[in-house]
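Written out below as structure tokens is the structure these notes cover.
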Amino acid sequence: MIRCLLVDDEQAAIEILKIYLEKTPFLSLAGSTTSPIEALHILTSQNIDLVFLDIHMPDITGLELIKAMPLNTLVILTTAYPDYALDGYDLNIVDYLLKPISLQRFMKAATKALKMHTAENHPKGESLFVEEDHVFVKTEQKGRLIKIYFKDIKYVEGMKNYIAFHWSGGKTLTLHSLSELEKILPSAKFMRIHKSYIVALDEIDLVDAGEVVLRGSGTRIPFGVTYKEAFLNRIKSKLL
């Protein structure tokens, strides 16, 4: 059961979330408050798994509260202001709900939180959560999930039991296999060219003998014998 805290400066909004929460069997209500100050006290004194958090509140905004709460707390943002969506996603939020919130949309966000909560508390669980244009990556630091957009990935490197995402935000390691990742990344954007490498096709600047050269960094990645023919055929199909 996931213990939830509801935080919104409007009591009416909290009451709607309570109704939805009661209809969700894997969620339990640990508390609710209209005060972000009180919310911070609850978060630091009780075991809270998931917070449904309004962004636009007096004294402390929801985004400021996130930075002060325990690291492993999952957060679903709720707000009537769509302009805040991008800021929220930059903080690796589980999901973003725009008011008025429907039960269907609430359930979708709650299910996503359930997957992440399960993975955090079961080491052998999933380490990747794939969405339409991004992936949440579970890191070695307990409770930390990093959102990586597909457009920011340059290549992925297989490293024994781990894979390393090389992306615009740096290098991120997670416990996963390259073969499993290959199945879930969009094939229109990524291709495996070596037993140890998957590359973002848009990042390839040059094909030089047995290697590809990535734009910007100049990183050179070899393509393996097993993958060479399929890779070259794909490249040729795009030639003028």
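Scoring Lys236 on the criteria (1) surrounded by fewer than 16 Cβ atoms within 10 Å (Cβ to Cβ); (2) touching a residue at least 24 places away in the same chain (Cβ under 8 Å) leaves a single failure, condition (2). For segment 196-240, the strands (runs of 3 or more DSSP E) that sit wholly inside it and include 1 or more residues that are within 28 Å of Lys160 (Cβ to Cβ) and small (Gly, Ala, Ser) are 197-200.
Scan segment 170-215 for residues that are in contact (Cβ under 8 Å) with a residue 40 or more places away in the chain and among the small types (Gly, Ala, Ser) and jot them down. If the condition is that a residue be in contact (Cβ under 8 Å) with a residue 40 or more places away in the chain and among the small types (Gly, Ala, Ser), then Ala200 is the only one that fits. Is it fair to say Lys23 is in contact with a helix residue (DSSP H, G or I) (Cβ under 9 Å, 6 or more places away or on another chain) and either exposed (fewer than 12 other Cβ atoms within 10 Å of the Cβ) or farther than 26 Å from Arg144 by Cβ (or both)? Yes; evaluated as a whole, the condition is true for this residue. Filtering Phe129, Phe136 for residues that are within 11 Å of the chain's Cα centre (by Cα), modelled with pLDDT under 75, over 21 Å from Ala12 (Cβ atoms) and not hydroxyl-bearing (Ser, Thr, Tyr) leaves a single hit, Phe129. For the structure I just gave you, tell me whether Pro222 is without any contact (Cβ under 8 Å) to a residue 40 or more places away in the chain and either touching a His at 6+ places or on another chain (Cβ under 9 Å) or not assigned by TED's automatic domain parsing to the domain that holds Lys154 (or both). Yes.
The values are calculated or read from the model by the stated rules, or taken from the named source; none is laboratory data. What you are looking at is a predicted structure, and each value in this text was computed from that prediction instead of being measured. We place every Cβ from the backbone using ideal geometry, glycine too, and count neighbours over all the protein chains shown.
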